[in-house]
Structures are given as C-alpha cells and as structure tokens.
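Engineer: Handing you a structure now.
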Amino acid sequence: MSRRLAVLISGRGSNLQSIIDAISARRLDATLRVVVSNRAGAAGLDRARAAGVEALHLSPKPHADRDSYDVALAELLRARDIDLVCLAGFMRLLGQPMLQAFRDRILNIHPSLLPSFPGLEAQRQALEYGVAVSGATVHFVTDGLDDGPIVSQAAVPVRADDSVESLASRILSEEHRIYPEAIQLVLDGGWELRGRRFVRQS
Ligand code: GRF
C-alpha cells in the first residue's frame, strides 16, 4: 500500500511542489495525505489545494505553549495514519509530543551543508563566511536545531559574483531534486541509524 506523507509548511511551498510533482511523475511512490501550515496565508496551502490535497491551517494562537500545539499537530497527523512527516520551510521547532509520536519519521530540508550554517538565512551565512561550496541537506529531525542524522546532501559551488538570491536559487534547485529522492529512500526501508549515521544495508 502507498505510504502516507504529511508535509508541514509556513510559506511559499516550492519544496512541497517538488514532492507533489515527484508523486505525479511516479518518481516518488507515496500518497500526500495532508499539508499543514502554521501560517494562514501560506502560498503552499494553495499549491496543495490545487493538487487536490487536504490543506489545513493549524494556528498556534489558541495554544498556550509549544507542547500543546505539538499535541494537536500529532493528533491531526495520527488521525490520518501518516507514515512520514516532511518539514518543508516549516518555521517552528518541534517538541517532544511530535518527536515521540513520530520517532525517526520526521524529515527536514535545510539550505546548507550541515552541520555548517544551521538556523535562519543559511545561504547568507554561507556567502558571508566565504565558503567555496555550500548546498542542501535532508536530515531526520531531533530536538536540536537543524541537527539529526543526515539522509542526503548535495553540494553547490559558490561563485565569485553570487548574491544571496543567486546562491539561494541554485541551492533551491538541488533541494527540489534531493528531497523527493531522500523521502523515497527513507520509505523504501532497508536502512538503520548507527549513532548519527544513516546506513543503507546493501
Ligand atoms: C527552503 O530553502 C528550505 O530549505 C528551508 O526553507 C525554505 C522553504 O522554501 N527550510 P519553500 O517554502 O519550500 O519554497
């Protein structure tokens, strides 16, 4: 049976779109069951609806703290039998209720070669630091910020004339390529976590 994905977003949802497109092109064997945004106006919600996918705004406002929000989120996802949760520009840290409900079943995409440049504006951080190579990382979500075992990475050379925008745009193309591939790898199974290492059995 096709595995059930949830994608969590906060904004434009271009990575969400790459997942939708990979599923339609049968490059990703999964069903996108629900898209959840913590922000009402997220453009990604429209992308989900246009693809016929349930799109929900789960507002943090009625929740006194992060745990209470996470309990509601975990319930929503459990009610839909979600196998794998994919963060795609979701601008909130997940706490224990989500991490325990979906242990080793939450992925994130980050626009740098982790562990370099975690946090916000990773592309600006890389450019200003002066690295020659940056990139994108898909990793499991743990309680550390942009921490957790790495599933896949792609390198993107920094050019002398790069702006934050031009570098971010080339990194984004790689994000769109590696995220659906990494999701498929994880869904395929035949891997284990050895400490921090994502190891595929041959
Ligand atoms: C991406 O750069 C992703 O790596 C980061 O947030 C951005 C989200 O972009 N976590 P989009 O909403 O997928 O277009």
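The values are calculated or read from the model by the stated rules, or taken from the named source; none is laboratory data. Note that the structure is a prediction, hence the values are computed from the model and not measured. Cβ placement follows ideal geometry from the backbone for every residue including glycine, while neighbour counts extend to all protein chains displayed. All accessible areas refer to the heavy atoms of the entire protein, side chains included, with ligands and DNA or RNA removed. Shrake-Rupley method; radii C 1.70, N 1.55, O 1.52, S 1.80 Å.
Engineer: Here are L56, L5: which of them is of a type outside the set (D, E, K, R), more than 12 Å from the ligand (Cβ to nearest atom), under 18 Å from the mean Cα position of the chain (by Cα) and open to solvent by 30 Å² or more (accessible area, probe 1.4 Å)?
Structural biologist: Answer to the check: L56.
Engineer: Ok, one more. Considering region 104-142 alone, what residues qualify as being within 15 Å of the chain's Cα centre (by Cα), open to solvent by 40 Å² or more (accessible area, probe 1.4 Å) and more than 21 Å from S18 (Cβ to Cβ)?
Structural biologist: If the condition is that a residue be within 15 Å of the chain's Cα centre (by Cα), open to solvent by 40 Å² or more (accessible area, probe 1.4 Å) and more than 21 Å from S18 (Cβ to Cβ), then D104, P118, L120, T142 are the ones that fit.
Engineer: Please go through region 146-159 and give me each residue that is open to solvent by 50 Å² or more (accessible area, probe 1.4 Å), part of a loop (DSSP other than H, G, I, E, B) and closer than 19 Å to L193 by Cα, ordered by number. Full working, then the answer.
Structural biologist: The initial filter retains those residues of region 146-159 that are open to solvent by 50 Å² or more (accessible area, probe 1.4 Å), namely 147, 150, 153, 155, 157, 159.
Applying the additional criterion that residues be part of a loop (DSSP other than H, G, I, E, B) yields 147, 159.
The one that is open to solvent by 50 Å² or more (accessible area, probe 1.4 Å), part of a loop (DSSP other than H, G, I, E, B) and closer than 19 Å to L193 by Cα: D147.
Engineer: Follow-up. Here is a list of conditions, (1) part of a helix (DSSP H, G or I); (2) surrounded by fewer than 18 Cβ atoms within 10 Å (Cβ to Cβ); (3) not acidic (D, E), and R26 meets all of them except one; can you say which number that is?
Structural biologist: Only one criterion in (1) part of a helix (DSSP H, G or I); (2) surrounded by fewer than 18 Cβ atoms within 10 Å (Cβ to Cβ); (3) not acidic (D, E) is unmet by R26, namely (1).
Engineer: Give all pairs with beta carbons closer than 8 Å in which a residue from region 154-177 that is farther than 14 Å from S112 by Cα meets a residue that is within 12 Å of the ligand (Cβ to nearest atom); count only pairs at least 6 apart in sequence or on separate chains.
Structural biologist: R159/L167; R177/S18; R177/A154
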